[in-house]
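Quick note: the coordinates plus some simple rules give every number you see, no bench work behind them. Predicted, not measured: the structure shown is a model, and the values here were computed from it. Don't worry about glycine lacking a Cβ; one is built from the backbone with ideal geometry, like all the others, and counts go over all protein chains shown.
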Amino acid sequence: MNTPSLQIVNPTGHLRVVVTKPLPGTHWLDVLIAAGCRVEIATGDDILSGDEIIALIGDHCHAAIGQLTESWNAELFAALKHAGGRAYSNYAVGYNNVDVTAASACGIPVGNTPGVLTETTAEIAVALTFSAARRIVEADHFMRDGQFKGWLPGLFLGNLLHGKTVGIIGAGRIGEAYARMMVEGHKMNLVYFDLRPNIPLEEFVQAYGAFLTTRGEPAVTCQRAETLACLLEDSDVVSLHTLLDAGTRHLINAERLALMKPDAILINTSRGPVVDEAALVAHCRSHPEFRAGLDVFENEPAMAPGLADLKNVVLVPHIASATKWTREGMASLAACNVAATLRGYPVAAVGDVRPFLAGTPPQAAPSILNAHELGLA
Ligand code: DGY
């Protein structure tokens, strides 16, 4: 077991907060310092093991900020509680790495960071969609390899998306933002699959369609798919925006890939295990016109054998939220979750997190997942 090097900020603070990776920006540190925290940050890029995190927590620790790459399970929450811990925040909006039930059993509030990743993640889903559709990465390698000998009628033919159908699985914040970008920007018709109807999204597409007809253009349409199979069969692009749980693990498997159009595009910016990666490799091999754009992987940082060899797949290393504004915002929200909880402030009732991102934040925790269970809501 390695002992991570630590950066200590505000050594005289009376509340010890451990942070398992350096976070961007400085506002988050200002928030914790103002709450009287001594902040101990594990430096270095290695992913910490459970034992290393338990050693970091030690026997005196009031709160922790952890990463989506760490498994915050019952053992870690027991260690945090034993050390006097009263708060945890994930530095992520997704929390499939956190056993929230175990945290609740220890009486520890669990924060996450919604509201600052929405457009950022949707934008990378759009970027992956067009990179896949227009074969940008393949063409880039072709140029760098000196293979371009002049314009040719058949060089790197890709897919036109304008006016085609985009399907989103999961019509929450990020799915909706992506859908609006594809509908509004590229006049795509929308099909969505979600357990709940998204009425504002439906109304948006309807109003936009009506606007287009006043301009003499074909209206765009929106349909809530009755079944996942209908969406997969009808869509030219399928983008995944669901959370990861037992019900969505391998939601996209060999059987469902076979339902998709042979030249469809699959985009995943949600969580890797939503796609059966070995099945995707097999499908992309047997369907060279099929394309995929992946930001997340089933067993990060590893990739399924063969995935990296496929020309019809675009791969990026889980960077959907990687803009300065978003990553600094996530740090502010995680710090506000911890600082507000340690100070005994209530949980914020509103969804707009912008007041938490600069200056003195509101006297509330922006997002606590188990607020209801712990009677904090
Ligand atoms: C999250 O916050 O869940 C994202 O995956 C980070 O990019």
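Count charges around residue 15 for me, please; just the other residues with Cβ under 13 Å from its Cβ, Lys/Arg as +1, Asp/Glu as -1.
Working: positive: 16, 38, 86, 343; negative: 40.
Neighbour charge sum, excluding residue 15 itself: +3.
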Amide H proximity to residue 192 below 5 Å, modelled H, separation 5+ or other chain, gives 168, 223, 224, 225
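Where in region 306-370 are there trypsin sites (Lys or Arg not before Pro) that are in a DSSP coil and have at most 15 other Cβ atoms within 10 angstrom of their Cβ? Display every interim value, and only then the final one.
Working: sites: 311, 324, 327, 343; in loops: 311, 343.
Taking region 306-370 and a limit of 15 other Cβ atoms within 10 Å, the loop trypsin sites (Lys or Arg not before Pro) found are 311, 343.
Based on the inverse mean of 1/r over its pairs of different Cα atoms, what is the Kirkwood hydrodynamic radius of the chain, in Å?
In the chain this quantity evaluates to 22.3 Å.
Pop the C-beta distance of residue 210 and residue 34 into the FRET formula with R0 = 51 Å and round what comes out to the nearest 0.05.
That gives a FRET efficiency of 0.55.
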Using the Cα gyration tensor of region 183-310, with a ≥ b ≥ c the square roots of its eigenvalues, what is the shape: rounded (a/c below 1.5), prolate (a/b larger than b/c) or oblate (neither)?
-> prolate
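Which percent, nearest 5, of DSSP beta bridges in the chain are antiparallel?
Details: 6 of 46 bridges.
Counting only bridges with both partners in the chain, antiparallel ones make up about 15 percent.
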Report, in deg cm²/dmol and to the nearest 500, the calculated mean residue ellipticity at 222 nm for the chain, where each DSSP H run with n ≥ 4 adds -39500 (n - 2.57) and the sum is divided by the residue count.
-> -10000 deg cm²/dmol
May I ask you to list the chymotrypsin sites (Phe, Trp or Tyr not before Pro) in region 124-223 that are in a DSSP loop and have at most 16 other Cβ atoms within 10 Å of their Cβ?
-> 148, 151, 156
Based only on Cα atoms, what Rg/Rh ratio does region 181-243 have, Rh being taken as Kirkwood's radius?
-> 0.98
Charge tally for neighbours of residue 47 with beta carbon under 10 Å away, counting Lys, Arg as +1 and Asp, Glu as -1, is -4
Could you pull out which residues in region 283-314 have an amide N less than 12 Å from a spot 7 Å beyond the Cα of residue 245, following the Cα-Cβ vector?
-> none
For residue 261, list the lysines whose Cα falls under 27 Å from its own Cα; do not include residues on the same chain fewer than 8 positions away.
-> 164, 187, 311
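Quick one: net charge of residue 99's neighbours, Cβ under 15 Å, K/R +1, D/E -1? Could you put the intermediate results ahead of the total?
Working: positive: 81; negative: 70, 75, 245, 373.
Counting the neighbours of residue 99, the net charge comes to -3.
Evaluate the charge dipole of the chain about its Cα centre and quote only its size in Debye, nearest 20, assuming +1 on the Cβ of each Lys and Arg and -1 on the Cβ of each Asp and Glu.
660
How big is the dipole moment of region 118-315 about its Cα centre under a simple scheme where the beta carbon of each Lys and Arg is +1, that of each Asp and Glu is -1, and everything else is neutral? Debye, nearest 20, please.
Details: 18 positive and 25 negative charges, 82 e Å.
Around 400 debye, computed over region 118-315.
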